[in-house]
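Take a look at the structure set out below.
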Amino acid sequence: MSGIAERWAAVDGYIEALFTPPEAAFTKALEDSAAASLPDIHISPNEGKLLYLLAKLSGAKRILEIGLLGGYSALWLSQALPSDGQLITLEIELKHAEVARKNFVRAGVSDKVEIRVGPALQGLERLVQEHAAPFDLVFIDADKCAYPAYLDWALKLTHSGSLILADNVVRDGTVAQAEKGDEAVEAIKLFNRKLAEDPRLEATLLPLLRDSLDGLALARVK
Ligand code: DHB
Ligand code: MG
């Protein structure tokens with residue numbers, strides 16, 4: 001690691017120690033996810049706290065998550081909801097959903113969280129078909145190649161003032177390289193360009209560094 005990366009990692013640890021002291025609901029969620037051999041690709045505690053604060057600041061009562069995994073990010077988001085709030089989360093893998101469900105029960109948020117198992121694009125189409133009430137916040141974190149399509153659906157499922165967030169929009173800095181990247185990188189580049197150019201949105205990207213360089217997209221629906 002270069003000097004700057006080491007310093008940044010140290011600062012990330014410093015922020016984590018100060019602002020996200022370990023809580024059983026969160027640490028056990030990660031332990032159980034690892035024990036069930038889920039991929040180790042959950043958001044960091046600092047990114048979780050950021051999602052929590054953004055959800056609270058925006059006063060979100062209805063949250064849609066695309067990509068549940070073991071439920072770590074959904075724990076952060078659901079804890080930001082008022083008691084009558086709801087989080088709907090889409091997950092393709094039944095095994096992930098089962099791990100996450102136990103994590104929600106342990107954290108006491110299961111009455112606020114609805115897990116829908118299946119391909120996210122089908123879940124999104126179903127939400128539109130059933131005329132789901134618009135979501136105040138959408139967090140995108142599933143199949144990177146489908147990010148541009150997720151954004152199209154998110155725009156159908158939100159209202160003026162809604163917040164659209166997306167994980168992994170910097171991809172180790174590859175999005176900033178002119179040469180063609182792999183399919184996922186090219187999809188994220190297209191997603192970022194759509195965020196920048198869609199007249200219905202005002203947006204930016206927030207680079208985040210932990211083990212590698214990545215980032216969170218923040219967009220507000222005009
Ligand atoms: C991957 C997916 C993620 O959502 C993430 O945060 C990191 C990595 C992946 O599929 O490799
Ligand atoms: Mg992610």
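Quick notes on this one:
- Exactly one residue among Ala203, Ala142 is modelled with pLDDT of 95 or more and within 20 Å of Gly48 (Cβ to Cβ), and that residue is Ala142.
Residue-wise test of (1) acidic (Asp, Glu); (2) away from ligand 2 (no atom under 16 Å from the Cβ); (3) without any contact (Cβ under 8 Å) to a residue 40 or more places away in the chain; (4) surrounded by fewer than 23 Cβ atoms within 10 Å (Cβ to Cβ).
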| residue | (1), (2), (3), (4) |
| --- | --- |
| Arg62 | no, yes, no, yes |
| Gly71 | no, no, no, no |
| Ala74 | no, no, yes, no |
| Asp111 | yes, yes, yes, yes |
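- Screening the range 132-141 for residues that are surrounded by fewer than 24 Cβ atoms within 10 Å (Cβ to Cβ) and not in a strand (DSSP E or B) and picking the one that is farthest from ligand 2 (Cβ to nearest atom) gives Ala133.
- None of Leu50, Leu121 is within 16 Å of ligand 1 (Cβ to nearest atom), surrounded by 14 or more Cβ atoms within 10 Å (Cβ to Cβ) and assigned to a helix (DSSP H, G or I) except Leu50.
- Residue among Arg200, Arg220 that is more than 12 Å from ligand 1 (Cβ to nearest atom), closer than 30 Å to His131 by Cα and surrounded by 12 or more Cβ atoms within 10 Å (Cβ to Cβ): Arg220
- Residues located in the range 158-185, provided they are of a type in the set (Lys, Arg) and without any contact (Cβ under 8 Å) to a residue 24 or more places away in the chain: Lys180
- Some residue of the range 204-217 being within 18 Å of Leu121 (Cα to Cα), touching a helix residue (DSSP H, G or I) at 6+ places or on another chain (Cβ under 6 Å) and not hydroxyl-bearing (Ser, Thr, Tyr): no
- Residue under evaluation Asp152, criteria (1) of a type outside the set (Phe, Trp, Tyr); (2) at pLDDT 95 or above; (3) within 16 Å of ligand 1 (Cβ to nearest atom), criterion not met: (3)
- Selection count where residues are within 14 Å of ligand 1 (Cβ to nearest atom), outside any helix (DSSP H, G or I) and among the small types (Gly, Ala, Ser), scope the range 167-194: 1
- Restricting attention to the range 26-45 and to residues that are surrounded by fewer than 17 Cβ atoms within 10 Å (Cβ to Cβ) and either in a helix (DSSP H, G or I) or under 13 Å from the mean Cα position of the chain (by Cα) (or both), the residue that is nearest to ligand 1 (Cβ to nearest atom) turns out to be Ile41.
- Within the range 164-197, the set of residues being small (Gly, Ala, Ser) and within 14 Å of ligand 2 (Cβ to nearest atom) comprises Ala166, Ala184, Ala187.
Matching residues to (1) more than 24 Å from Ala142 (Cβ to Cβ); (2) at pLDDT below 95; (3) not basic (Lys, Arg):
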{"position": "Ala25", "(1), (2), (3)": "no, no, yes"}
{"position": "Leu54", "(1), (2), (3)": "no, no, yes"}
{"position": "Ile66", "(1), (2), (3)": "no, no, yes"}
{"position": "Leu75", "(1), (2), (3)": "no, no, yes"}
{"position": "Ser83", "(1), (2), (3)": "yes, no, yes"}
{"position": "Leu90", "(1), (2), (3)": "no, no, yes"}
{"position": "Leu94", "(1), (2), (3)": "no, no, yes"}
{"position": "Arg106", "(1), (2), (3)": "no, no, no"}
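The values are calculated or read from the model by the stated rules, or taken from the named source; none is laboratory data. The model shown is predicted, which means the values in this text are computed figures rather than measured ones. Counting neighbours? That spans all protein chains shown, and the Cβs are built from the backbone with ideal geometry, glycine included.
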